[in-house]
Amino acid sequence: MAQSTGFYNGLIGTVYAAAIAEQHFSEDAVFERILAETGGTALELGSGTGRLLLRLLGDGHQVHGLEISEEMTEVCLAEAARLGLQPVVHRGSFAPLDGALSGYAAMFCPLNAFSFIVDDDLARESVRSYAAGLAPGGVLALTGSAGDSLLRTRTDWVRRPDVPIPGGDVAQVTERRTVEPDGRCLKVERVIEVVDPDGRVRAREDGVQLRRLRPVAELAELFAEAGLIRLHAYGSDVDHVLTGWKE
């Protein structure tokens, strides 16, 4: 099975940060509602460039970030300084969660980042670590996807929208998503070329990433094994947010 390579550092990371900086996703409203209902401090698993973290802080929520990428964290902290915010961003992996990070009223993992954990045993251990890190009555919210019929059949390369980057250049993004033969993982291949205003290619980078395809039922099984209750899914197998509560 192919191995994942970083999509969140180097040129690919820079372009990713620029591409999503101003985007809003439907799942954001679910996380905002959870934070409003639970109170206390929440932890965003994989806070990245701070797209959601800083927005939530600006709205008055108490939330920390957890991010493994130094480059993404630097982008987050620079933007926070510009906005006059002082986020708490822990450095490290969420696969599994460090036991020192505990007592949170809520934890959430946006943009299907949990799918980066392709090993099922590690995914199971990770969900248990999230449950352990919640305060009693705390809630866990993970995004997931099993893909749709189009995703599972297409094999072509697709040109994504160009991304303006600092300096006046444009990043041209081409991507191919194919499902592995066993149907469990999505292989994402991405090529980025930075083109100047005269059309000359100034830089090129490519990467490969695996993402685990999980329907709601599979994610719910992990939640139940970790002792979480009152499970509720928003969305469908194609794209979903699953929530569960700690007793």
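Things worth noting here:
- Whenever a residue of region 176-190 is open to solvent by 40 Å² or more (accessible area, probe 1.4 Å), its partners that are small (Gly, Ala, Ser), lying with C-beta atoms within less than 9 angstrom and at least six residues away or across chains, give the pairs Arg177/Gly147; Lys187/Ala2.
- Residues of region 176-197 satisfying the condition of being under 18 Å from the mean Cα position of the chain (by Cα) and charged (D, E, K, R): Arg177, Lys187, Glu189, Arg190
- Checklist (1) crowded, with 17+ Cβ neighbours inside 10 Å; (2) within 20 Å of Gly138 (Cα to Cα) applied to Ser69, failing item: (2)
- Members of region 191-207 that are outside any loop (DSSP other than H, G, I, E, B) and either open to solvent by 50 Å² or more (accessible area, probe 1.4 Å) or of a type in the set (D, E, K, R) (or both): Glu193, Val201, Arg202, Arg204, Glu205, Asp206
- Lone unmet requirement of (1) of a type in the set (Val, Ile, Thr); (2) part of a loop (DSSP other than H, G, I, E, B); (3) open to solvent by 30 Å² or more (accessible area, probe 1.4 Å) for Thr14: (2)
- Test for Ala146: is it touching a Lys or Arg at 6+ places or on another chain (Cβ under 7 Å), open to solvent by less than 30 Å² (accessible area, probe 1.4 Å) and among the small types (Gly, Ala, Ser): yes
- Residue within region 222-236 that is farther than 17 Å from Gly13 by Cβ, assigned to a helix (DSSP H, G or I) and open to solvent by 30 Å² or more (accessible area, probe 1.4 Å) present: yes
- Looking only at region 96-111, and only at residues there that are under 18 Å from the mean Cα position of the chain (by Cα) and buried (at least 22 other Cβ atoms within 10 Å of the Cβ), the one that is farthest from Thr243 (Cα to Cα): Leu97
- With respect to the conditions (1) at pLDDT below 95; (2) under 15 Å from the mean Cα position of the chain (by Cα); (3) closer than 27 Å to Ala233 by Cβ, Gly39 lacks only one, and its number is (2).
- Residues of region 42-63 classified as β-branched (Val, Ile, Thr) and farther than 22 Å from Phe116 by Cα, total: 1
- Every residue from region 154-169 that is more than 22 Å from the chain's Cα centre (by Cα) and assigned to a loop (DSSP other than H, G, I, E, B): Arg154, Thr155, Asp156, Pro166, Gly167, Gly168, Asp169
- Segments classed as strands (runs of 3 or more DSSP E), wholly inside region 40-108, with at least 3 members that are in contact with a Phe, Trp or Tyr (Cβ under 8 Å, 6 or more places away or on another chain): 42-45
- The residues listed here are Leu54, Leu83, Leu43; of these, the one that is more than 26 Å from Ala220 (Cα to Cα), crowded, with 20+ Cβ neighbours inside 10 Å and touching a helix residue (DSSP H, G or I) at 6+ places or on another chain (Cβ under 8 Å) is Leu54.
The values are calculated or read from the model by the stated rules, or taken from the named source; none is laboratory data. Since we're looking at a predicted model, the values are computed, not measured. Glycine gets a Cβ as well: all are built from the backbone with ideal geometry, and neighbour counts include every protein chain shown. Areas reflect the complete protein model, heavy atoms only, side chains present, ligands, DNA and RNA absent. Shrake-Rupley method; radii C 1.70, N 1.55, O 1.52, S 1.80 Å.
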